[in-house]
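Engineer: One structure follows; several queries about it will come next.
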Amino acid sequence: MIPEERYKKIKDILNEEKTISISNLSKKMYVSESTIRRDVDYLENSGFLLKIRGGVTLVSNNNTEYPSFVRKLKNVNEKQYIVKTASKYFLKDDSSIFLDDSSTVNLLNPYIENHSQIVIITNSIDTALSFNSNKNIRVLLSGGRLKLNSSSLYGVQVYDFLNSFYSDYLFTSCKYLDEKNVYESDENLSEIKRIMVKNSTKKILLADSSKFYKKSFISTCQTREFDYIVTDKKPEDKFIKSLKPFTKVIWE
C-alpha cells in the first residue's frame, strides 16, 4: 500500500472512531507500528490529527474543545515540567487559590498537597476529589451543570459562586495565546476564567509551547492581564518584549 492510500485509510478510520491507539491502528491497517508512526507524523504536520500518549485523535479546527481525557494525554511531559516550575515559584502555605479545570492545572495538585492552610476554589470535580483526604486543604467546589465528557461544572451558578470570592493566586491554562490575547474555544469556560482573572491578586498562566502564537474564536482576556506565564521553552524574544513590564515569562 503506497503512502497516499495509507493516509486516506487512516483518515477514514479516524473520521469514524475519532480516537484510536497506535497498536489498534496498526492492526486495522495491516502494517507495522513504525510505519503507522511515520504516517501519523505526516498527518499531524498536515493538521489532520493530533498525537496523544499511545495514540492519535481527530482534529477538527482551532475552535474545537477536546474531551478532558484527550487533553490529559497531550504534551504530558511539557505540562509536568511547567507545573513543577510553577510550584517552586508560587506555592506557599496559608494561601487561597483559584484552580480551573484544565489538564495542565490538574497536574499541579500533587505539589499543592505538600502545603498547609490552603483554600482551593474551583469548578473542577476532579480537583476537588484529589484533595478530599487532606485535612490541611479546604476545598470550595461550585455547583452548576456538568459539562459533557469532562469533570467541569459551568453555568450561572458557577459565575455567581466565583464572584463571591477573591483569591491570592490563580492558576489557569488556555486553548491558545498570542502577544495580545488569551483564547478559549468554549464561551462558558472563557467566562469562568474571566471571573477568576478579575477576582485574584496574582494571576499565573500555565501554557505549553504548542499553544503559543495561535488564536481561537473567543478571547478570554488580554495576555498582559497575567502577572506570569510559565511555559516549557523560551518563547520568541518579540513575544517576551511585547509583554514587558506587565507580564513576566518563566521557562526555567
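The values are calculated or read from the model by the stated rules, or taken from the named source; none is laboratory data. Since we're looking at a predicted model, the values are computed, not measured. Note that we place each Cβ from the backbone using ideal geometry, even for glycine, and neighbour counts take in every protein chain shown. Accessible surface is based on the protein model in full, side chains and every heavy atom, while ligands, DNA and RNA are left aside. Shrake-Rupley method; radii C 1.70, N 1.55, O 1.52, S 1.80 Å.
Engineer: Run lengths n ≥ 4 of DSSP H only: what is the helix-derived mean residue ellipticity at 222 nm for the chain, with -39500 (n - 2.57) per run over all residues, to the nearest 500?
Structural biologist: -11000 deg cm²/dmol
Engineer: Let me ask something else. Report, by chain and number, residues whose modeled amide H sits under 5 Å from the one on I52, excluding near sequence neighbours (fewer than 5 apart, same chain).
Structural biologist: Amide H to amide H, under 5 Å and 5 or more residues apart or across chains, I52 pairs with T57.
Engineer: Quick check: pseudo-label points 7 Å beyond the Cα along Cα→Cβ at D178 and S210, how many nm apart are they?
Structural biologist: For D178 paired with S210, the spin-label model returns 2.1 nm.
Engineer: Between E44 and S116, what length in nm is gained on full extension when 0.36 nm per residue of separation is reduced by their alpha carbon distance?
Structural biologist: Full extension from E44 to S116 adds 21.6 nm.
Engineer: What FRET efficiency would be calculated for the residue pair R37, Y166, taking the C-beta separation as r and a Förster radius of 51 Å, to the nearest 0.05?
Structural biologist: E between R37 and Y166, to the nearest 0.05, is 0.60.
Engineer: Please identify, among T201, T35, T220, the residue showing maximal mean-square fluctuation in a Gaussian network model of the chain using a 10 angstrom Cα cutoff.
Structural biologist: Of the options given, T35 has the highest mean-square fluctuation.
Engineer: Spin-label point model (7 Å from Cα, Cβ direction): what's the E17 to K202 distance in nm?
Structural biologist: 4.6 nm
Engineer: So how many Å³ per residue does the convex hull of the Cα atoms of the range 108-227 work out to?
Structural biologist: It is 111 Å³ per residue.
Engineer: For the range 1-55, what does the accessible surface come to per residue with a 1.4 Å probe? Please give it in Å². It would help to have the intermediate numbers written out before the result.
Structural biologist: Values: 3370 Å² over 55 residues.
That works out to 61 Å² per residue.
Engineer: Something else now. Give me the percent of accessible area attributable to carbon and sulfur for the range 111-252, probe 1.4 angstrom.
Structural biologist: Of all accessible area on the range 111-252, carbon and sulfur atoms account for 49 percent.
Engineer: Moving on to the next point. What FRET efficiency comes out for K92 versus R224 if R0 is 22 angstrom and r is the Cβ-Cβ distance? Round to the nearest 0.05.
Structural biologist: 0.35
Engineer: So I have (1) 19.3, 62; (2) 20.0, 72; (3) 19.8, 68, and one of them is Rg and Dmax of the Cα atoms in Å calculated from this model. Which one is it?
Structural biologist: (1)
Engineer: Rolling a 1.4 angstrom probe over the protein heavy atoms, how many square angstrom per residue are accessible across the range 189-247?
Structural biologist: 46 Å²
Engineer: Which of rounded, prolate, oblate describes the range 77-121, given a ≥ b ≥ c as roots of the alpha-carbon gyration tensor eigenvalues and a/c under 1.5 marking rounded, otherwise prolate only if a/b is larger than b/c?
Structural biologist: oblate
Engineer: Can I ask one more? Provide the packing ranking of 206-213, 1-8, i.e. peptides ordered by the mean count of other C-beta atoms within 10 Å per residue, highest first.
Structural biologist: 206-213, 1-8
Engineer: For M1 and S151, what does the FRET efficiency come to when R0 = 41 Å and r is the distance between their Cβ atoms, rounded to the nearest 0.05?
Structural biologist: With a Förster radius of 41 Å, E is 0.50.
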